[in-house]
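First the structure, in the form of structure tokens, and then the observations on it.
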Amino acid sequence: MSAAERQRTCAACGGPFRPGERTGLEAVLDGEILYVAVHARHSTYPPRREIEAARRLA
């Protein structure tokens, strides 16, 4: 069973996964290594400083 099938929702946005939808996997360290599923182009990691600064200035 894949992480997306186990979770059923995106770890980043909370939105549900659709059947057959392409997802990504991210490693999360919380005392042990956990793998969470996220939608394509979503991330649980904070954005890079340069990208965040550009978004704020736009």
Read-out volume of the Cα convex hull per residue in Å³, candidates (1) 112; (2) 101; (3) 70; calculated match is (2)
May I ask which residue of 45, 29, 58 lies farthest towards the positive end of the charge dipole of the chain, with charges of +1 (Lys, Arg) and -1 (Asp, Glu) on Cβ and the Cα centre as origin?
58
Exposed trypsin sites (Lys or Arg not before Pro) being those in a DSSP loop with at most 12 other Cβ atoms within 10 Å, the longest stretch of the chain free of them is 23-40
Divide by every residue of the chain the summed helix terms, -39500 (n - 2.57) for each DSSP H run of at least 4, and state the resulting mean residue ellipticity at 222 nm, rounded to the nearest 500 deg cm²/dmol.
-6000 deg cm²/dmol
Net charge over other residues, Cβ less than 13 angstrom from the Cβ of residue 45 (K, R count +1; D, E count -1)
+1
Find the relative contact order for the chain and round it to a whole percent, using C-alpha pairs within less than 8 Å whose residues are 6+ positions apart.
32
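Rule-based calculations on the coordinates, nothing more; no lab input. The model shown is predicted, which means the values in this text are computed figures rather than measured ones. Note that each Cβ is placed from the backbone with ideal geometry, even for glycine, and that neighbours are counted across all protein chains shown.
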